[in-house]
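Asker: Dropping a structure here in structure tokens format, bear with me for questions.
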Amino acid sequence: MTRDSDEEQRDDDLADATVLAQAGHTPDPATGALVPALHMSTTFGRDSENELIGDYMYARHQSPTVEHAERLLARLDRGTDAMLFASGLAAVAAIFETVESGGHVVAPTIMYHGAQNWLRRIESRGRIDLTLFDATDPSGLAEALRIGETSVVWIESPVNPTWDVIDIRAAADLAHEAGAILVADCTVAPPITTRALDLGADLVFHSATKYLNGHSDILAGVLITPEANELWEELRSVRMLTGGVLGAHDAWMLVRGMRTLPLRFERACKSALQIARHLEGHPRLEAVLYPGLESHPGHEVARRQMTHGFGGLLSIRVKGGPTEALEVIRRVRVFVPATSLGGVESLIEHRASVEGPDSEVPPDLLRLSIGIEDPADLITDLDQALSGD
């Protein structure tokens with residue numbers, strides 16, 4: 001992936017919000033269009049000498065609209081390159097496809113459940129040797145590692161949906177000492193607030209379906225690397241051979257969504273903190289889990305890592321267990337009971353029942369994804385749902 005040097009210099013001189021608002025795009029030199037073009041073609045022509053006319057051959061390899069989105073994502077995460085996939089799980093699967101048969105993988109006990117389901121699946125088939133660690137235990141990761149044997153360490157920070165905070169820099173140091181790479185899932189902490197590559201991660205993963213797109217209308221996953229090394233080229237080959245590339249229209253929609261990322265994320269963070277502070281100490285709750293609260297055990301680490309807001313996600317643990325937690329969901333009027341996160345609408349979900357019988361999530365926990373609605377309406381809705389009125 002290359003960029004015109006003038007465009008690269010222009011990007012480096014500007015704030016992220018400015019680059020995103022303009023989609024990292026100068027007016028089209030042929031038409032003057034301010035909105036980046038959507039190139040839907042899956043195949044690209046050759047000249048009379050059978051040479052490609054441009055830089056593209058076939059969309060399973062690469063295409064202009066996907067490449068434009070990748071340049072913007074790489075710039076945002078301070079990486080050398082980015083690679084878009086047809087979904088977050090397609091990107092996850094590509095990473096573990098590169099692990100040698102029987103290779104040792106370490107991941108948190110609680111994490112994005114789709115990714116953990118994939119890890120458990122390939123472990124059951126002998127593809128990997130999986131060790132899960134407790135993110136709340138300061139020595140958990142170190143004890144899970146096997147020096148010279150561990151291939152990949154996968155972390156999330158904050159951990160979804162308990163919002164435990166993993167120190168990314170410390171995790172990177174431990175992984176590297178063991179001879180492993182560190183992959184950081186920063187879906188809930190997009191590069192507006194956390195840049196895991198700067199903290200030592202070898203790859204950053206985002207479910208771009210969530211905050212990056214932010215409108216609940218596409219599926220996408222992305223990996224970002226600090227260097228185009230041998231592993232990166234293998235991942236590119238895996239994407240091409242398995243057909244996991246993102247389609248042009250979804251890439252265009254992703255760019256469109258990212259243009260408002262700083263505004264959406266700032267609003268969600270402010271509202272989430274306001275809601276968390278309002279609910280802290282509520283008589284119907286066992287706990288409010290949000291790293292932006294000073295009472296949160298991971299607050300100081302989160303404050304170092306999350307430089308522009310603590311995210312728009314929090315969880316509440318409801319007194320009375322799962323029965324009462326599900327009653328709260330039934331009583332909400334503004335929050336929408338639904339899976340996913342990072343959109344403009346506020347969602348509520350009982351994660352344990354969604355994840356199923358093998359879930360490690362506390363059964364009294366409700367996950368809240370805060371959108372861009374008026375926070376007063378959201379607080380009123382939660383108050384009435386918790387009161388049972």
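Asker: Mind listing just one residue for me: the one in the stretch 331-342 that is over 19 Å from the mean Cα position of the chain (by Cα) and touching a residue at least 40 places away in the same chain (Cβ under 8 Å) and, of those, nearest to Glu156 (Cα to Cα)?
Answerer: So the first thing to find is which residues in the stretch 331-342 are over 19 Å from the mean Cα position of the chain (by Cα), and the list is 331-337.
Remaining after also requiring touching a residue at least 40 places away in the same chain (Cβ under 8 Å): 331-335.
Working: Arg331: 31, Val332: 29, Arg333: 31, Val334: 29, Phe335: 25 Å.
Among residues in the stretch 331-342 that are over 19 Å from the mean Cα position of the chain (by Cα) and touching a residue at least 40 places away in the same chain (Cβ under 8 Å), the one nearest to Glu156 (Cα to Cα) is Phe335.
Asker: So, one more: Being β-branched (Val, Ile, Thr), assigned to a loop (DSSP other than H, G, I, E, B) and assigned by TED's automatic domain parsing to the domain that holds Glu70 is true for just one of Thr131, Thr187. Which residue is that? Steps first, answer last, please.
Answerer: Details: Thr131 fails: assigned to a loop (DSSP other than H, G, I, E, B).
Exactly one residue qualifies, and that residue is Thr187.
Asker: Report, by residue number, each residue of the stretch 124-176 that is within 19 Å of Pro297 (Cβ to Cβ) and of a type in the set (Gly, Ala, Ser).
Answerer: Ala135, Ser139, Gly140, Ala142, Ser157, Ala170, Ala171, listed by residue number.
Asker: Also, I was wondering about something else. So for the stretch 204-226 (the condition being assigned to a helix (DSSP H, G or I) and in contact with a Leu (Cβ under 9 Å, 6 or more places away or on another chain)), does at least one residue qualify? Write out each step before concluding.
Answerer: Looking only at the stretch 204-226, we keep the residues that are assigned to a helix (DSSP H, G or I), and these are none.
No.
Asker: Could you check, for the stretch 245-266, whether at least one of its residues is buried (at least 20 other Cβ atoms within 10 Å of the Cβ), acidic (Asp, Glu), modelled with pLDDT of 95 or more and farther than 27 Å from Ala180 by Cβ?
Answerer: Within the stretch 245-266 (the criterion being buried (at least 20 other Cβ atoms within 10 Å of the Cβ), acidic (Asp, Glu), modelled with pLDDT of 95 or more and farther than 27 Å from Ala180 by Cβ), the answer is yes, since at least one residue qualifies.
Asker: So for the stretch 337-350 (the condition being touching a strand residue (DSSP E or B) at 6+ places or on another chain (Cβ under 9 Å), surrounded by fewer than 16 Cβ atoms within 10 Å (Cβ to Cβ) and over 29 Å from Leu20 (Cα atoms)), does at least one residue qualify? Talk me through it step by step, then tell me what you get.
Answerer: Step one: filter the stretch 337-350 for residues touching a strand residue (DSSP E or B) at 6+ places or on another chain (Cβ under 9 Å), giving 337-343, 345-350.
Filter again for surrounded by fewer than 16 Cβ atoms within 10 Å (Cβ to Cβ), leaving 337-340.
With over 29 Å from Leu20 (Cα atoms) added as a condition, the list becomes 337.
Within the stretch 337-350, one or more residues are touching a strand residue (DSSP E or B) at 6+ places or on another chain (Cβ under 9 Å), surrounded by fewer than 16 Cβ atoms within 10 Å (Cβ to Cβ) and over 29 Å from Leu20 (Cα atoms).
Asker: Moving on. Out of Leu254, Leu241, report the one residue that is closer than 22 Å to Glu345 by Cβ, of a type outside the set (Gly, Ala, Ser) and assigned to a helix (DSSP H, G or I).
Answerer: Values: Leu241 fails: closer than 22 Å to Glu345 by Cβ.
Step by step, each of Leu254, Leu241 is checked, and only Leu254 is closer than 22 Å to Glu345 by Cβ, of a type outside the set (Gly, Ala, Ser) and assigned to a helix (DSSP H, G or I).
Asker: Moving on to the next point. I'd like to check something: does the stretch 312-322 contain any residue that is in contact (Cβ under 8 Å) with a residue 24 or more places away in the chain, under 18 Å from Leu285 (Cα atoms) and part of a helix (DSSP H, G or I)? Let's see the steps before the verdict.
Answerer: Pass one, the stretch 312-322, residues in contact (Cβ under 8 Å) with a residue 24 or more places away in the chain: 312-322.
Then drop every residue that is not under 18 Å from Leu285 (Cα atoms), which leaves 313-322.
Then keep just the ones that are part of a helix (DSSP H, G or I); that gives 321-322.
Checked against the condition, which is being in contact (Cβ under 8 Å) with a residue 24 or more places away in the chain, under 18 Å from Leu285 (Cα atoms) and part of a helix (DSSP H, G or I), the stretch 312-322 yields at least one hit.
Asker: While we're on this one: Considering only the stretch 59-77, I want to know if a residue exists there that is in the same structural domain as Leu119 (by TED's automatic domain parsing), within 14 Å of Ala208 (Cβ to Cβ), not β-branched (Val, Ile, Thr) and not in a helix (DSSP H, G or I).
Answerer: Yes, there is a match, as at least one residue in the stretch 59-77 is in the same structural domain as Leu119 (by TED's automatic domain parsing), within 14 Å of Ala208 (Cβ to Cβ), not β-branched (Val, Ile, Thr) and not in a helix (DSSP H, G or I).
The values are calculated or read from the model by the stated rules, or taken from the named source; none is laboratory data. Only a predicted model underlies this, so the values are computations on that prediction, with no experimental measurement involved. All Cβ positions, even for glycine, are placed from backbone atoms using ideal geometry, and neighbour counts span all protein chains on display.
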